[in-house]
1. For the residue pair residue 100 and residue 134, what label-to-label distance in nm results when each label sits 7 Å from Cα along the Cα-to-beta-carbon direction?
2. Provide the gained length on full extension for the span residue 54 to residue 87, in nm with one decimal, where the gain is 0.36 nm per separating residue minus the Cα-Cα distance.
3. Applying 1/(1 + (r/R0)^6) with R0 = 45 Å to the Cβ-Cβ distance of residue 110 and residue 188, what FRET efficiency is obtained, to the nearest 0.05?
4. Under 28 Å between alpha carbons, and skipping anything fewer than 8 positions from residue 162 in its own chain: which lysines qualify?
5. Within 10 Å of each residue's Cβ, count the other Cβ atoms and sort 106, 93 from fewest upward.
6. Cross-link candidates for residue 136: which lysines have Cα within less than 27 Å, leaving aside residues fewer than 8 places away along the same chain?
7. Taking H placed 1.01 Å from N in the peptide plane, check which residues at least 5 places from residue 123 or on another chain put their amide H under 5 Å from its amide H.
Amino acid sequence: MFGRFAVMVALLLLGDGAMTSTPQPPAREAAASPQAAAPRSPRNASYAITARLDPGSRTITGDEILTWRNTSNAATSTLRFHLYFNAWRNSESTWLRERRLSGRLSEEPRISDWGWIDVTTIRIIGTDSAAGDLTKRVRFIAPVKSGKRIRGRFRLDSIDEKAPGQLLLRHTVTVEIEGEDKPALTAEWLGLIFI
C-alpha cells in the first residue's frame, strides 16, 4: 500500500545502523555555465540514502546523510524535519482523525496498511561522537488530541541583568500530554522584566 511505499521513499534521517554500507555524501555539483537554462531553486539540500528491506517483518531500515546549506543571511539554531508518513502510523494520527471528522475518509485503513518513520539517531558528521550526537536533543512537536489534558512544566534556568533595571529570565518549558510518551512542546522562553 502507499503508506509502506512512502516510508521507503521518505526515510529522512538515520536508521538503526544495520546497513552493510554507509551512505556517502553527494559529490559537489559542477559550476553552472553562463548559458545554463532557466534559474533553479537554491540547491541547499541533498540526500544520500541506503536502505534495506526485510520482507519477513515488512520493515525498511536505513541510513541517510542529509547535507544542508543555509542560504539565508540569518543564522539558525534549529532544523525541522517533517515525518509526513507518520500520518499512517495508526488510526489516531492527526491526519486520519481530521479526515474522519471532515467526512473525507471513505474507509478505515487496514492494520496491514500502516506505515511510519522512526528516527533512532541524529548526529553531525565530522565531530567526535559525543559532541556530534544530537539524538537526545530531538523534540517532536505533537498535536494535542481533542479531550486530552495537558500540563505545563516551567524551569527557571537563569536570571541575568541586561541593563540597570532590566532582568532577562530564561525558562525551559515542556508541555506534556496526558497518556503520551513525548511532549507536545519543549522550548526555551525568554522574558525581559523591567524593575
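1. Inter-label distance under the simple model: 3.4 nm.
2. Taking residue 54 through residue 87 to full extension adds about 9.7 nm, to one decimal.
3. Calculated transfer efficiency: 0.60.
4. Filter leaves no residues.
5. 106, 93
6. Qualifying lysines at Cα under 27 Å: 145, 148, 182.
7. Placed amide hydrogens put 134 under 5 Å from residue 123.
Where a number appears in this text, it was derived from the coordinates with a stated rule and is not lab data. Note that the coordinates shown come from a computational prediction; the quantities given were computed from them, not determined experimentally. Cβ coordinates were reconstructed from backbone atoms using ideal geometry, including for glycine residues, and neighbour counts include every protein chain displayed.
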